[in-house]
Amino acid sequence: MNPTPVIDMFSGTGELARAVGDGLNEFTCFQSFSDNYGPARKYLKARFHNATIHSDFRDQDVPEGSIVTIGAPRQDLSVAGKHAGADRGSGTRSSLIHEALDMAVAGAADLIVAENVPGGYRTYLDLARWLSEEHGYRTTVSSGGAWEVGAPHRHERIMLVAAQRRFEPCRIKVVRKVAPRLMVPSPTASSSTGPGRSGRGGGPNLQTWVHEGNRPSPLDSVLWTNATGLPEPRLKDDEGRLNAAFVEWLMGLPSAHAVGLSRTASIRLAGNAVVRLQARLMLQRGLTAINNERNL
């Protein structure tokens with residue numbers, strides 16, 4: 001039996017594709033990735049030796065029956081972003097989700113998975129409705145927090161799941177049903193800058209939090225180390241700055257140090273990444289809802 005190809009768009013670290021590959025009871029293979037950020041392509045080449053890496057998602061082929069995973073740009077949907085929206089034809093970075101979905105539909109992909117921030121929930125509901133009514137996909141929009149799978153930070157995300165046939169998820173368990181009151185600030189792409197509290201009303205960002213002497217609770221550290229198999233690194237590097245390896249650990253990522261990326265690039269990639277176990281949980285919830293909807 002031939003493996004089902006996975007085509008990953010706006011890839012970053014490739015963790016969304018990895019999550020879907022790990023989260024399906026199906027034999028898959030990674031066919032291609034894309035990212036317009038040079039360090040991301042360097043990282044992807046080091047992790048996915050047999051896949052083709054593109055700088056533009058429009059150059060990727062979508063074979064019939066494939067799986068398409070989309071980590072669409074979120075800056076125009078995030079509450080901390082530009083609030084420019086993602087309307088088709090608007091020209092915003094986040095509106096590229098429409099082109100990516102058009103490619104997936106035109107290629108007759110069997111499964112489409114797109115991840116984004118909670119600020120895109122209404123947009124993704126509209127996209128789910130469009131895929132269902134216009135193209136016959138069974139669709140839903142699921143959600144989940146990294147804290148649910150044991151991460152020491154909140155990192156809430158949503159996921160559009162659209163399927164043309166039945167896919168069975170590989171089950172994972174929720175570690176925590178209630179978010180702890182005190183958590184580590186979630187990493188962001190700008191976590192290499194700072195520290196500083198100027199203009200912030202929601203508490204310190206990650207680099208400020210670390211600079212002020214905070215650290216994860218022992219319980220949080222043990223939970224996340226056990227979940228990922230990754231030991232907690234130092235919070236600061238030799239120059240007293242936020243350690244890139246600590247940011248990667250928070251996101252459940254292997255270190256990019258061996259790839260030769262700069263500290264800033266490593267933190268940017270980690271801050272834009274999805275937590276793999278969290279993505280698996282959202283995929284599980286989405287597929288369960290779709291499979292139960294029509295008793296498939």
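The values are calculated or read from the model by the stated rules, or taken from the named source; none is laboratory data. Keep in mind that this is a model prediction, so the values were computed, not measured. Methodologically, a virtual Cβ is constructed for each residue, glycine included, from the backbone with ideal geometry; neighbour enumeration extends over all protein chains shown. We work out accessible area using only protein heavy atoms, side chains counted, and drop any ligands, DNA or RNA first. Shrake-Rupley method; radii C 1.70, N 1.55, O 1.52, S 1.80 Å.
Scanning the range 220-246 for residues that are touching a residue at least 24 places away in the same chain (Cβ under 8 Å) and among the aliphatic types (A, V, I, L, M) turns up Leu223, Ala227, Leu230, Leu235, Leu242, Ala244.
A single member of Ser191, Ser94 is in contact with a Lys or Arg (Cβ under 9 Å, 6 or more places away or on another chain), over 29 Å from Asn214 (Cβ atoms), modelled with pLDDT under 95 and open to solvent by less than 10 Å² (accessible area, probe 1.4 Å), and it is Ser94.
Every residue in the range 275-296 that is open to solvent by less than 10 Å² (accessible area, probe 1.4 Å) and not in a helix (DSSP H, G or I), please. Matches in the range 275-296: Val275 only. Filtered by the rule that a residue be free of Cβ contacts under 8 Å to residues at least 40 places away in the same chain and open to solvent by less than 10 Å² (accessible area, probe 1.4 Å), the range 1-31 gives a lone residue, Gly14.
When the range 250-296 is filtered for residues that are among the basic types (Lys, Arg) and farther than 26 Å from Ser142 by Cβ, the ones remaining, listed by number, are Arg263, Arg268. The set of residues from the range 217-248 being more than 20 Å from Lys173 (Cα to Cα), of a type outside the set (Gly, Ala, Ser) and open to solvent by less than 40 Å² (accessible area, probe 1.4 Å) comprises Pro233, Leu235, Asp237, Leu242, Asn243, Phe246, Val247, Glu248. For the range 97-140, a tally of residues being open to solvent by less than 20 Å² (accessible area, probe 1.4 Å), among the β-branched types (Val, Ile, Thr) and at pLDDT 95 or above returns 2. Look through the range 32-72, keep the residues that are more than 18 Å from the chain's Cα centre (by Cα) and polar (S, T, N, Q), and return whichever of them is surrounded by the most Cβ atoms within 10 Å (Cβ to Cβ). Top of the filtered list is Ser66. Here Ala265 meets each of (1) modelled with pLDDT of 90 or more; (2) closer than 22 Å to Glu148 by Cβ; (3) among the small types (Gly, Ala, Ser) with one exception, condition (2).
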